[in-house]
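Since the structure comes first, as structure tokens, the remarks are kept for the end.
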Amino acid sequence: MKTLRLVLLFALLLIVTSCNFLTTSDSSEKVEAEKETVDKSSEEAVQKDILFLDGTYKWEKDGEIHGGLDITDSTSTSFKFMLQSYDGQNVGELSGTAEVNGEMANFTHPDNDSCKASFGWNEDRLAIDTSEACETMNENSASFTGVYTRIEMESTSTDEAASEENAAAWQEALYIDPAFDQGNLSISNVTKESFQFTIDVSSGSDVGKLNGTATINGDEATFEDTEDPSCSGTFIRTNDVVTFIEEACLSYHDAAVGFNGDYTMTDEKPLTSTETPPTSCEKAPFHSELLNFAEQGHLKDASIFLGMSEEALKKIKPEMTYDETLYEGTPGFYDEKYAYLTANETVSHLRYNALSEGPAIPYTDVVCQFGEPDEVVFNELDNEYLHVYQTGANKLAFVSESKEGDIKAVELEATKVQ
């Protein structure tokens, strides 16, 4: 009896041990799963805790840019920065790694303990305060203390990739609908945003023709006629077939025929229309303000370099070539994109070659966006026309080879030499 009780007790111990082992095993797996979840949540929380975001910031005052800030490699505890400033005569530069402490970040120069900088948010702008020692480290240095605004990018790389994919889906070709005696849809000049088209149809003695520009939105594109606002239409792309749905375009075709149809892509090139689509000011390739175009578009450094001394420009642009008689006997600096002309040892004139980054721009687009120029000047020396717009302290000129030719370059010049 005693032996039987020992056997039963031993069996009970085995059962309990097994249960504990299984429970421990399940618990370990559960702990690991929970740990992974916590780690992942922690990573997401760290990302959310980053207060000083990577990007480019500008310090602007009274319409003039006084400084720029680049933040990189930002984490919840630190970030790298590059500060540049200009006060009209002096140029400053400061870089390093700032340590984040709560809602503030601080920097002490490794070679000069007296040079300190603090970074803090003032609503949606970044306030930077630097000690005087930072400004006197280099000869003729400018102050960095100011309020900087983040420059938002217009689109993300994902958006750009999607736009490129959408543009690639719309193919330049001749599309035919056999339901007509003649049913042609020609698509040409495809970009990320739009394409030009011509629909030419006939059934018996009834004919119709429509030209225009369609705006792309994924696999669909929409058209609105500028001369007849009631006429519009939608293009729907499905593989190699483009379906067009017309809305009230009766002024462009006879009563017994319309443009509705399913047009299938062929291997032929699009038929070129002899008619020029009307210019749309809304789609002109410029900013609505001349100075914005000059300073943020083609002439990104205009506000900084106008008025800068030759000596300062040599320091900040050492790779540029200096010529004592660069333009009509005027000294200046130049590289592949820019030319900076100087007078009385001060930069007064910038010239940008529009062809260095893309094709020439139609003169009609300039007039559409900005109106007629204040004056048109013919430069006999270079055999070119300057279409001049006055912008207060500066004047902006678009350069073409004929009076209404395509714009090949842009110039910004101070009306008063500082």
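The values are calculated or read from the model by the stated rules, or taken from the named source; none is laboratory data. All of these numbers come straight from a predicted model, not from anything done at the bench. Glycine gets a Cβ as well: all are built from the backbone with ideal geometry, and neighbour counts include every protein chain shown. These area figures cover heavy atoms from the full protein model, side chains too; ligands, DNA and RNA do not enter into them. Shrake-Rupley method; radii C 1.70, N 1.55, O 1.52, S 1.80 Å.
Within segment 331-348, residues that are farther than 10 Å from Thr321 by Cβ and without any contact (Cβ under 8 Å) to a residue 60 or more places away in the chain sit with their Cβ atoms under 6 Å from residues that are loosely packed, with under 12 Cβ neighbours inside 10 Å and of a type in the set (D, E, K, R), at 6+ positions apart or across chains, in these pairs: Pro331/Glu324. Residues in segment 308-330 that are touching a residue at least 40 places away in the same chain (Cβ under 8 Å), open to solvent by 30 Å² or more (accessible area, probe 1.4 Å) and under 23 Å from Tyr86 (Cβ atoms): Ser309, Lys315, Ile316. Total residues in segment 370-404 satisfying the condition of being surrounded by 14 or more Cβ atoms within 10 Å (Cβ to Cβ), of a type outside the set (D, E, K, R) and either at pLDDT 85 or above or touching a strand residue (DSSP E or B) at 6+ places or on another chain (Cβ under 7 Å) (or both): the figure is 15. Would it be correct to say that Thr238 is of a type in the set (Ser, Thr, Tyr), within 32 Å of the chain's Cα centre (by Cα) and open to solvent by 70 Å² or more (accessible area, probe 1.4 Å)? It is true that Thr238 is of a type in the set (Ser, Thr, Tyr), within 32 Å of the chain's Cα centre (by Cα) and open to solvent by 70 Å² or more (accessible area, probe 1.4 Å). Is it the case that some residue within segment 209-221 is without any contact (Cβ under 8 Å) to a residue 24 or more places away in the chain, in a strand (DSSP E or B) and open to solvent by less than 30 Å² (accessible area, probe 1.4 Å)? Yes: one or more hits.
In a residue-by-residue description of segment 192-203, the property of being closer than 17 Å to Tyr175 by Cα, out of contact with any Phe, Trp or Tyr (no Cβ under 7 Å at 6 or more places or on another chain) and assigned to a loop (DSSP other than H, G, I, E, B) applies to no position. In segment 248-262, of all residues being in contact (Cβ under 8 Å) with a residue 60 or more places away in the chain and in a strand (DSSP E or B), the one that is surrounded by the fewest Cβ atoms within 10 Å (Cβ to Cβ) corresponds to Asp262.
Could you grab me the full set of residues in segment 222-235 that are part of a strand (DSSP E or B) and open to solvent by 50 Å² or more (accessible area, probe 1.4 Å)? Result: Thr222, Glu224.
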